[in-house]
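**Student:** Would you mind keeping the following structure in view while I ask a few things?
Read the figures in this text as sums done on the coordinates, not as results from a lab. From a predicted model like this one, the values you see are computed outputs, not experimental measurements. Neighbour counts are summed over all protein chains in view; Cβ atoms, including those assigned to glycine, are modelled from backbone coordinates with ideal geometry.
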């Protein structure tokens, strides 16, 4: 749990406000990071003891997840405690760094359990230690991203606490190329919002319909006016892409950490009539974000009651064959090959279930149904007779 030592009332207010800010924006706040504040008149002595540059104003220690900062230095608090602390708690990069540091610490404890060793002994041990070598490479490879996130955190929180001028004075001394990198992140946040900036930097995504709705508003702004409806669906794991299903005539698709799939009203209606799982799965499993909820609910109900047509069976069989041809264009076990084969099986299963008069709208339900069916019969299910035997 969070531990705060020797904090002045002003710092206590900053801590409480900032944690509330993060809880509201991200759905989480600092929980494992400790804070130790050093009086200004003792900082130089402290810095010398731990080998830190006295001109610095703080340091973060990933191995015990502790931020050490000068008392009454809010920018250092933002950088070390909230920047590095939040990164180490809620990003894959930071968690990996903490894991390596803690693993190295345990190995050092075991190596020097006698209690008698010098700094040279530690250095000699680390030169031959595999964990230290892995940690050193990881640090070097990710240092710029790690520091950039902390600097942007300073920028963000300095604005929330009316300390933006202090931030500008501190970073005016940056080299031109480094300042351009920082300004790039700042410009991104001003254009697409704070939440998108956290997510694009690899922070955990605790998605709710309210939070994702705000994210879409920050990114798309007035373009959302033409959206018939939007849904949040998919795995919703904290480090997975955010999957959004949209019916709109104007909204552009995106495929990155924010995966927005857009269908026109005409295409959506057509696919719905054909029991295409590309639309039935999202509308049956997704959560409504925004748009015309009445239209969405009617479409969802229609799924359950519309007749199974010969055209729908043929369509799903054709899509299965199309996905199979796509998969075979790529090397075996490649991402494209695997996904194509998976989609091919899914469309075939859908065609088979529709042929049997069974409506299954979710991919997981199809998988469960055919696992059960396979267990109950000796031969795998087949679509005997193909299109000719399909019924209306």
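**Student:** Relative contact order for segment 1-114: what percent, with Cα pairs under 8 Å and sequence separation of 6 or more?
**Tutor:** 24
**Student:** Another question, if that's okay. Going by how many other Cβ atoms sit within 10 Å of their own, how do 87, 303 line up, fewest first?
**Tutor:** Neighbour counts put them in this order, fewest first: 303, 87.
**Student:** Report for the chain the percent antiparallel among DSSP-assigned beta bridges with both residues inside it, nearest 5.
**Tutor:** So the antiparallel bridges in the chain amount to around 55 percent.
**Student:** With each label point set 7 Å from Cα along the Cα-Cβ vector, what nm distance links residue 55 and residue 334?
**Tutor:** Between residue 55 and residue 334, the simple spin-label model gives 5.2 nm.
**Student:** Convex hull over the Cα atoms of the chain, averaged projected area in nm²?
**Tutor:** Quarter of the Cα hull surface area: 27.1 nm².
**Student:** Taking the 0 to 90 degree range and rounding to the nearest ten, how far is the long axis of helix 9-26 tilted relative to the main principal axis of the chain, both from C-alpha atoms?
**Tutor:** Between helix and principal axis, roughly 20 degrees.
**Student:** For segment 150-210, just list the percent of Cα-Cα distances falling in each 5 Å bin from zero outward, please.
**Tutor:** Histogram of Cα-Cα distances, whole percents per bin: 4, 16, 25, 25, 17, 8, 3, 2, 0.
**Student:** So how far apart, in nm, are the two label points at residue 168 and residue 321 if each is 7 Å from Cα heading toward Cβ?
**Tutor:** Each label point is offset 7 Å from its Cα along the Cβ direction, giving 6.6 nm.
**Student:** Using a Gaussian network model of the chain whose springs link C-alpha atoms within less than 10 Å, name the residue from 18, 113, 320 with the highest mean-square fluctuation.
**Tutor:** Per the Cα network of the chain with a 10 Å cutoff, 113 tops the list.
**Student:** Relative contact order of segment 3-200, please, whole-number percent, based on alpha carbon pairs below 8 angstrom and at least 6 residues apart.
**Tutor:** RCO, segment 3-200: 18 percent.
**Student:** Now, a different point. Would you please classify the overall shape of segment 209-305 from the alpha carbon gyration tensor, given that a ≥ b ≥ c denote the square roots of the eigenvalues, rounded means a/c under 1.5, and beyond that prolate means a/b larger than b/c while oblate covers the rest?
**Tutor:** Prolate shape, in that a/c is at least 1.5 and a/b is the bigger ratio.
**Student:** Helix 40-50: angle to the longest alpha-carbon principal axis of the chain, degrees 0 to 90, nearest 10?
**Tutor:** Result, in degrees: 80.
**Student:** From the Cα gyration tensor of segment 241-349, with a ≥ b ≥ c the square roots of its eigenvalues, which class applies: rounded if a/c is under 1.5, or else prolate if a/b is larger than b/c, or else oblate?
**Tutor:** Oblate.
**Student:** For segment 309-380, state the average projected area of the convex hull of the C-alpha atoms over all orientations, rounded to one decimal in nm².
**Tutor:** Result: a mean projected hull area of 5.2 nm².
**Student:** Express in whole angstrom the spacing between the alpha-carbon centres of segment 139-157 and segment 256-274.
**Tutor:** When both Cα centres are located, 37 Å separates them.
**Student:** Mind checking the alpha-carbon convex hull of segment 8-51 and giving the volume per residue in Å³?
**Tutor:** 91
**Student:** For the residue pair residue 200 and residue 287, what label-to-label distance in nm results when each label sits 7 Å from Cα along the Cα-to-beta-carbon direction?
**Tutor:** It works out to 2.5 nm between the two label points.
**Student:** How far, in nm, would the chain grow between residue 304 and residue 238 when pulled straight, counting 0.36 nm per residue and subtracting the alpha carbon separation?
**Tutor:** 20.6 nm is the gain from fully extending residue 304 to residue 238.
**Student:** Where the centre of each part is set by its Cα atoms, how far does segment 89-130 sit from segment 207-222, in angstrom?
**Tutor:** 42
**Student:** Rounded to whole Å, give me the distance from the Cα center of segment 231-253 to that of segment 346-362.
**Tutor:** That distance is 24 Å.
**Student:** Test of understanding: in a Gaussian network model of the chain with alpha carbons linked when under 10 Å, which of 174, 274, 100 would top the mean-square fluctuation ranking?
**Tutor:** Taking springs between Cα atoms under 10 Å, the residue moving most is 174.
**Student:** Ok, one more. Mind checking which of 146, 315, 369 has the largest fluctuation in a GNM of the chain, springs on alpha carbons under 10 Å?
**Tutor:** Sorting by GNM fluctuation, first place goes to 369.
**Student:** To make sure I understand, if each residue's beta carbon is the centre and we count other beta carbons within 10 Å, what order do 79, 339 fall in, fewest to most?
**Tutor:** 339, 79
**Student:** Return the calculated 222 nm mean residue ellipticity for the chain, to the nearest 500 deg cm²/dmol, obtained by summing -39500 (n - 2.57) across DSSP H runs with n ≥ 4 and dividing by the residue count.
**Tutor:** -18500 deg cm²/dmol
**Student:** Pulled fully out, how much extra length does the chain show between residue 124 and residue 210, if you take 0.36 nm times their separation in residues and subtract their Cα-Cα distance?
**Tutor:** Result for the pair: 25.6 nm of gain on full extension.
**Student:** Let me ask something else. Treating the angle as unsigned and between 0 and 90°, give the value, to the nearest 10°, between the Cα long axis of helix 119-128 and the longest Cα principal axis of the chain.
**Tutor:** Once rounded, one gets 30 degrees.
**Student:** Name the shape class, rounded, prolate or oblate, that the alpha-carbon gyration tensor gives for segment 183-236, where a ≥ b ≥ c are the square roots of its eigenvalues, rounded holds for a/c under 1.5, and otherwise prolate holds if a/b is larger than b/c and oblate otherwise.
**Tutor:** oblate
**Student:** May I ask you to derive the relative contact order of the chain, considering only C-alpha pairs under 8 Å and at least 6 residues apart, and to give it as an integer percent?
**Tutor:** Dividing the mean separation by the residue count of the chain yields 9 percent.
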